[in-house]
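Here the structure comes first, spelled out in structure tokens, and everything after it is commentary.
The values are calculated or read from the model by the stated rules, or taken from the named source; none is laboratory data. Just so it is clear, the structure is predicted and the values come from calculations on it, not from any experiment. Glycine also receives a Cβ, built like all others from the backbone with ideal geometry; neighbour counts cover every protein chain displayed.
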Amino acid sequence: MRSRKEEILEILTKNHNKFTAKELADKLQIDRANVSRYLNELTKLGTDGIRLDEGFDGSKEVMLSYNPEGLAIELNMSNNVVYLENILSYEANAPFIYGCHNFYPQEGSALPYDFFISCSQRFKRHGIKTAAFVTSQSAKGGPWDVNDGLPTLEMHRQLPLDLQARHMFATGLIDVVIIGNAYASMKN
């Protein structure tokens, strides 16, 4: 008989995490009203944080930021609306709020530079830790069938990995750079 941890890990890895939070809660047979138990189970698996690709109403994100497990709550940075300000207006536990841009697998779909700057400034202005994606030219693995690399910025798609990373850090707006696709070569 498999343990609960083995069941959860199988569900999480089976479809490359291609399901919504509601679908995940249903698959894990977790009552969405009992979020505390859900977060506790995630920490037992070694989870450090959860990403909210789509937001709630601001107050729910704040409640999540005060979770007793100390999980980081990662917000989607690739939008330029008052979502972050709304969350902060509810007095969020700011040290547990992070921002991370999306990655974009299809050529022409990633962010233009000026929009990226505008979105990133919104988070940095509030002292929120930020992250963005770069793409390896040698890596081919990604979550979708279409994979023209996985950068945040369209202008980075064909550039060498080290140049992309240096550019991200040079903006002064990104704290963490993540290689979006697997597996980068040792040369990268």
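Can you give me the number of residues within region 143-171 that are in contact (Cβ under 8 Å) with a residue 40 or more places away in the chain and of a type in the set (G, A, S)?
Initial filter on region 143-171 (in contact (Cβ under 8 Å) with a residue 40 or more places away in the chain): 143, 146-157, 171.
Applying the additional criterion that residues be of a type in the set (G, A, S) yields 149.
Total satisfying the criteria: 1.
Starting from region 97-118, take each residue that is acidic (D, E) and list its partners that are surrounded by 14 or more Cβ atoms within 10 Å (Cβ to Cβ), counting only C-beta distances under 6 angstrom and pairs at least six apart or across chains.
Cβ pairs passing all conditions: E107/D148.
Can you spot a residue in region 83-93 that is in a loop (DSSP other than H, G, I, E, B), modelled with pLDDT under 95, surrounded by 14 or more Cβ atoms within 10 Å (Cβ to Cβ) and charged (D, E, K, R)? Walk me through how you get there before you give the answer.
First pass over region 83-93, keeping only residues in a loop (DSSP other than H, G, I, E, B): 90-93.
Within this subset, residues satisfying the condition of being modelled with pLDDT under 95 are 90-93.
Filter once more, keeping what is surrounded by 14 or more Cβ atoms within 10 Å (Cβ to Cβ): 90, 92-93.
Adding the requirement that they be charged (D, E, K, R) leaves none.
No: zero hits.
For every residue, the table says whether it meets (1) assigned to a helix (DSSP H, G or I); (2) modelled with pLDDT of 95 or more.
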residue: R122; (1), (2): yes, yes
residue: G127; (1), (2): no, yes
residue: T130; (1), (2): no, yes
residue: S185; (1), (2): no, no
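Mind checking which residues of region 52-78 are within 11 Å of the chain's Cα centre (by Cα), over 13 Å from A92 (Cα atoms) and of a type outside the set (A, V, I, L, M, F, W, C)?
D53, E54, N76, S78
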